[in-house]
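The values are calculated or read from the model by the stated rules, or taken from the named source; none is laboratory data. Values in this document were obtained by computation on a predicted structure and should not be read as measured data. Cβ placement follows ideal geometry from the backbone for every residue including glycine, while neighbour counts extend to all protein chains displayed. Heads up: the accessible areas ignore ligands, DNA and RNA and are worked out on the full protein's heavy atoms, side chains in. Shrake-Rupley method; radii C 1.70, N 1.55, O 1.52, S 1.80 Å.
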Amino acid sequence: MQFGPHLVLALIEGAVLSAVLALMASGLSLVFGVMRVVNVAHGEFFMLGAVTAWFVAAGTGGGPAIAFAAALVVAPLAVGTLAALADGLVLKRIAYDPERTIVATIGLLYILQQATLMTFGPAARPVEPPFNRRIALPWIGQTDEGWGLIWPWGLSVTTYKLFVIAAAVVVLVLLRRGLGRTRAGLLMRATQIDRETALAFGIPVGRVYALTFGLGAGLAALAGVLVVPLQQAHYLMGGDALLLSFITVIIGGLGSLGGTLAAAVLIGMSEGIISVFFSPTLAKIAATLLVAFVLVFRPQGLSGGPPR
Amino acid sequence: MSRGAKAVLLHAALLAGLLALNWVLPDYHRGNLARVMVLAVYAMGYNLLFGYTGLLSLGHALFFAAGMYGLALPMHHLGLGLVPAFGAALLAGAACGLAVGLLALRTTGVAFMIVTLMFAQAGYLAILIAGAWTRGDEGFTIPAAARQVLGLDLTEPGVRYLAAWALFAAVLAILFRLVRHPAGRVLVAIRENEERARLLGYDTHAMKLLATVLSATVAAAGGAAHAALFGYAGASFAAVQYSILPLLWVLLGGAGTLVGPFVGTLFMFYLIDWAADVTPAYMLLAGLALILLTLFLPQGIMGLVRGRLRWLP
C-alpha cells in the first residue's frame, strides 16, 4: 500500500482511539474537577467494563447484538455502583485528602485487578461485535484511463468502528447537556466551584461526590465495553488506558470538558499515527516524559486552582 | 537513662539480635531475612524522603533499578569487579536522584507524585528498549564467580546473610546519625510546615534536593545489594509495583520512624510469601493493606509504638 492509504488507516485507528479516550478522560477529568482527587483506579474501571461485557455476553443468549446491548447498559451501571460504594467506604472516610486518596486508590487498583485475575483468569477473551461489515474506501490514484478512484486492497473501515465513534459523540453530547441543563449537573458544578458554599446552601455534597465518582467510573466502563470487540478483555488492560487518560487530562488542562475533548482527539490521533509508523514502546516513553514535563513546567495544567 | 542512650541501645539490640539469628535460623528463612534486610535498606531510603521530608514519591523503582543495573551492567559487560561496580551503582542512583529532584521538586503534592511516577515509568520502558544490553523482562544473571568480595563468597548463605546485615546496619547507623543531626531536624521541619521552615531562614529547596539525592542513593544501595547477593537483574524490579511496595512497607511499618521500614518489610514479605502459595493474585493483599492502612492506621506499626515510647527516633 502507498503512504496515502496507510495514513488514512492510521487516522481511522486514531479516530476510534480518540473516541474511547474522550469517554475515559472525561470521567477522570470530571472526578478531578468536582472532587479534587486523582483516581488512580480509573483504568481498572475501564478494565471492569470490558470484563463485565464479556461476562454479560457469555451469560445472555439471543445473539451478539442483544448480548452487546445488554452489556452497554449493565456494565456502566454495575461499575458505577461499585465505584460509588468505594467512594462511601473509603474516600469519604479519609475526607478526600489528595495524597491519601492516591494511596487508597492504588490499593483499590490492586484489589480490582487481582480480584479480576482470580475470577476472570489471566487469559485475554474476545467479545463478538454486534455488527461488523467491512466498508471499502476509495482512494485517488493512477488508473488505466488517467487519474480516478481506485479501491486499494486493505483500505477499509468496519461499521463497528464507525459505531464506536458515533456512540462516543452521542454520550459526550449527553454528558455536556446533562452537566449544563439538569439539576444534578447544576449541583455538581456548584460543588466544583466552591464546596463549602455549596454545603452551606444545603447541597448534599456527600451524595454529589458519590454520584460524580460513580459517573466517572461509569464513563470508563462504557469505554471498556465499546473497546472489547476491537481488543480483547484482559485483567491488565487498565494500565495503558490509565496512562493515556492521564496524558489527556493533563494536556487538556482541568475544569473544562472542552479541553479534555480536544486533547483526546490530539492524543488519540497522534497515538494512532505513531503506533502505525513507530515502535509503541518509544511512543510510550515520549508520552510519559511529556506528562512529566507538562506538570513540571506548566503545573497549572493539573492543579487547576491554587495549591492546597 | 537519657532518651538518646535508650534509642541507641534499642537499635543496637535490634542489630545484635539480627546478627545472632544468622546462627539460629534454618537456611530458607536465613535467605528470606537476608532479602528482607536488603529490601528494608530500599525502604529506609524511601522513608527518608516520604517519612522524614514529607515528599511522597511514586517513582522510587527508578532508583532501585539504577542501583541494580548500575552494578550489574558494568559487571556483565565490562567485567568490572564487585566493589567498583557497587560504587558505580551508588553514583547511578545519586545521578538519577539529582536529575529527578531538579525537575520534580518544582512541583508539590499530587503533581510531584505523578511526575515521579512518570519518570520511573520512562526508566522502566528505557530498560525494555535497551534489551540488547539489559535483556528486558527476562533479565540476566550475574555468575557466581563474579560475586566475590575481599575473598568472601557472596553466594554462600552465611556470608550472604552477614553481607546483607552489614549493609543494613551501616545504613541504619547513618540514618540514625542523620535524623538526629540538625540537617535531619530541618527535613522534619519541612515535612511539618515548609513555609515556616523557609521563614526561619532555611533553604528548603536545597534541603529537599539533598534529601532526594540521599534517598535515591540509599535506594540504589538496596538495588545494587539485591543484584550482588541474589545474582539477578531484571526489568520487573523497575516496574510500577516496585515503586508501590516501599510505600506500602513504610506505611505499614510507620513513616518517619527508623525501624518502621524494616518492620513493615518483614511483615509484608512473609504475608506475600504466604499468599503467593495460596493464589497467583497475591497483590490483592497489598491492595487491601494499602486501603486498610490509609483508613485505620496512617501512622503504621512503629508509629503506634512511638505513641507510647516518645523517645524513639
### Query
Restricting attention to region A:257-308, and to residues there that are more than 25 Å from A:Ile12 (Cα to Cα) and open to solvent by 60 Å² or more (accessible area, probe 1.4 Å), which single residue is modelled with the lowest pLDDT?
A:Arg308
### Message
Against the conditions (1) surrounded by 22 or more Cβ atoms within 10 Å (Cβ to Cβ); (2) facing chain A (nearest Cβ under 10 Å); (3) farther than 30 Å from B:His205 by Cβ, where does B:Thr134 fall short? Just the number, please.
### Response
(2)
## Note on the structure
So, first residue in contact (Cβ under 8 Å) with a residue 24 or more places away in the chain in region A:7-24, second residue of a type in the set (D, E, K, R), Cβ within less than 6 Å, six or more apart or across chains; the pairs are A:Val16/A:Lys161; A:Leu17/A:Glu271
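Looking for whichever is under 29 Å from B:Leu295 (Cβ atoms) and within 14 Å of chain B (Cβ to nearest Cβ) here; the options are A:Ala123, A:Ala104. Which one fits?
Numbers: A:Ala123 fails: under 29 Å from B:Leu295 (Cβ atoms).
The conditions single out A:Ala104.
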### Task
Identify the single condition in (1) in a helix (DSSP H, G or I); (2) open to solvent by less than 40 Å² (accessible area, probe 1.4 Å) that B:Thr107 does not satisfy, given that it satisfies every other one.
(1)
#### Entry: Answer residue from region B:115-131, given it is open to solvent by 40 Å² or more (accessible area, probe 1.4 Å) and without any contact (Cβ under 8 Å) to a residue 60 or more places away in the chain and is nearest to the chain's Cα centre (by Cα) among those
B:Ala126
### B:Ala163, sole failed condition from (1) more than 14 Å from every other protein chain (Cβ to nearest Cβ); (2) in a loop (DSSP other than H, G, I, E, B)
(2)
### Query
Based on what the data block shows, is A:Leu109 under 24 Å from B:Leu297 (Cα atoms), at the interface with chain B (Cβ under 9 Å from one of its Cβ atoms), in contact (Cβ under 8 Å) with a residue 12 or more places away in the chain and buried (at least 23 other Cβ atoms within 10 Å of the Cβ)?
yes
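Could you tell me whether A:Gly239 is surrounded by fewer than 19 Cβ atoms within 10 Å (Cβ to Cβ), under 15 Å from the mean Cα position of the chain (by Cα) and modelled with pLDDT under 90?
Numbers: surrounded by fewer than 19 Cβ atoms within 10 Å (Cβ to Cβ): yes; under 15 Å from the mean Cα position of the chain (by Cα): yes; modelled with pLDDT under 90: yes.
Against the criterion (surrounded by fewer than 19 Cβ atoms within 10 Å (Cβ to Cβ), under 15 Å from the mean Cα position of the chain (by Cα) and modelled with pLDDT under 90), A:Gly239 qualifies.
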### Task
Evaluate region A:84-92: report whether one residue or more is away from chain B (no Cβ under 14 Å) and over 16 Å from A:Gln232 (Cα atoms).
yes
### Message
Being within 17 Å of B:Gly223 (Cβ to Cβ), more than 14 Å from every other protein chain (Cβ to nearest Cβ) and open to solvent by less than 50 Å² (accessible area, probe 1.4 Å): is that true of B:Leu172 here?
### Response
no
### Query
So which residues in region B:214-235 are assigned to a helix (DSSP H, G or I) and either among the basic types (Lys, Arg) or in contact with an Asp or Glu (Cβ under 7 Å, 6 or more places away or on another chain) (or both), if there are any at all?
B:Ala235
### Task
Say whether the condition of being open to solvent by less than 20 Å² (accessible area, probe 1.4 Å), within 20 Å of the chain's Cα centre (by Cα) and under 22 Å from B:Leu56 (Cα atoms) is met by at least one residue in region B:298-305.
yes
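Scanning for something within 26 Å of B:Thr294 (Cβ to Cβ), in contact (Cβ under 8 Å) with a residue 40 or more places away in the chain and part of a helix (DSSP H, G or I), does region A:65-78 turn up at least one residue?
Step one: of region A:65-78, the residues within 26 Å of B:Thr294 (Cβ to Cβ) are A:78.
Checking which are in contact (Cβ under 8 Å) with a residue 40 or more places away in the chain leaves us with A:78.
If we keep only those that are part of a helix (DSSP H, G or I) as well, we get A:78.
So far as region A:65-78 goes, yes, one or more of its residues are within 26 Å of B:Thr294 (Cβ to Cβ), in contact (Cβ under 8 Å) with a residue 40 or more places away in the chain and part of a helix (DSSP H, G or I).
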### Query
Can you tell me how many residues in region B:256-290 are farther than 26 Å from B:Glu192 by Cβ and either facing chain A (nearest Cβ under 9 Å) or hydrophobic (A, V, I, L, M, F, W, C) (or both)?
21
### Query
Mind checking whether some residue in region B:136-157 is in contact with a Lys or Arg (Cβ under 8 Å, 6 or more places away or on another chain) and in a helix (DSSP H, G or I)?
yes
### Task
Scan (1) over 30 Å from B:Glu195 (Cβ atoms); (2) of a type in the set (Lys, Arg); (3) within 14 Å of chain A (Cβ to nearest Cβ) for the single condition B:Arg147 breaks and write down its number.
(3)
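Filter region A:34-43 down to the residues that are part of a helix (DSSP H, G or I) and within 14 Å of another protein chain (Cβ to nearest Cβ) and list them by number. Don't jump to the end; show me each part of the working.
Filtering region A:34-43 down to residues part of a helix (DSSP H, G or I) leaves A:34-35, A:42-43.
Residues satisfying the conditions are A:Met35, A:His42, A:Gly43.
Taking B:Leu247, is it in contact with a His (Cβ under 9 Å, 6 or more places away or on another chain), outside any helix (DSSP H, G or I), at pLDDT 85 or above and open to solvent by less than 50 Å² (accessible area, probe 1.4 Å)? Reasoning before the result, please.
Details: in contact with a His (Cβ under 9 Å, 6 or more places away or on another chain): yes; outside any helix (DSSP H, G or I): no; at pLDDT 85 or above: yes; open to solvent by less than 50 Å² (accessible area, probe 1.4 Å): yes.
No: the conditions fail for B:Leu247.
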### Query
Any idea which of B:Leu78, B:Leu73 is surrounded by 21 or more Cβ atoms within 10 Å (Cβ to Cβ), over 23 Å from A:Pro98 (Cα atoms), of a type outside the set (Gly, Ala, Ser) and more than 14 Å from every other protein chain (Cβ to nearest Cβ)?
B:Leu73
### Task
Kindly list the number of the only condition in (1) among the aromatic types (Phe, Trp, Tyr); (2) touching a residue at least 24 places away in the same chain (Cβ under 8 Å); (3) surrounded by fewer than 19 Cβ atoms within 10 Å (Cβ to Cβ) that fails for A:Phe201.
(2)
### Query
Which pairs do you get when a residue that is without any contact (Cβ under 8 Å) to a residue 12 or more places away in the chain, found in region A:137-155, comes within reach of a residue that is part of a loop (DSSP other than H, G, I, E, B) and surrounded by 11 or more Cβ atoms within 10 Å (Cβ to Cβ), reach meaning Cβ atoms under 9 angstrom, with the pair 6+ apart or on two chains?
A:Leu149/A:Pro138
